[in-house]
1. Under a point spin-label approximation (7 Å from Cα along Cα-to-Cβ), what is the residue 29-residue 155 distance to one decimal in nm?
2. 7 Å from Cα along Cα→Cβ at both residue 83 and residue 147: what's the point-to-point distance in nm?
3. Quickly work out the residue 10-to-residue 176 label distance, labels modelled 7 Å from Cα along the C-beta direction, and quote it in nm with one decimal.
């Protein structure tokens, strides 16, 4: 998908991370290509999923309060001076989820959740997502369309999605990773509170102060695995504060 803007004058990386803080710091009038790119891929995603309204727009990202981030994949159009090609995007955020595997076993986890996703059809067969080594088996998907499930099955061999009552989906391998590590974490009322699906020591996806090349950026580039979200113990000062203020563990 071509846009009449040279994004190389705005972005440094071929997979550019954009969140509310980042777009608020941009001069939209001087950089209209950013808004145009986000709105265009959001609209294409909606059309591909047969949605009446797009889930992703520049304005929604600008107003988001839960530290959502968009990872925009693009490349310079070598045939034209002032043009770029937008390949696709991924919108993600960490969410605390109560999940059940196919056998009904319960888990509490804070994985990276894929909230919207699109790869232009002209690039789907060229291995862009595969080349960038995204690991979707480690993610939960919010209301995935049939098209996305077919894409994951075809490109990543992910089958037998486990639907949750919240309309999130995880795959069997996601729960297998939790089960392997569950011995490191105590159970609470029969619910496994393991949150260490992702190994690594990189910054969190949801931190507005995270360095530019953060967790999901590292996954897309293929040089970083996801960080785990560590929950505060209930009897710790932070845990007692969370319970007093929110009635549950701090999500972010």
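1. Distance between label points: 3.8 nm.
2. Here the answer is 2.4 nm between the modelled labels.
3. 4.1 nm
Every read-out reported here was derived from the displayed coordinates using simple, explicitly stated rules and does not represent laboratory data. All of these numbers come straight from a predicted model, not from anything done at the bench. Glycine gets a Cβ as well: all are built from the backbone with ideal geometry, and neighbour counts include every protein chain shown.
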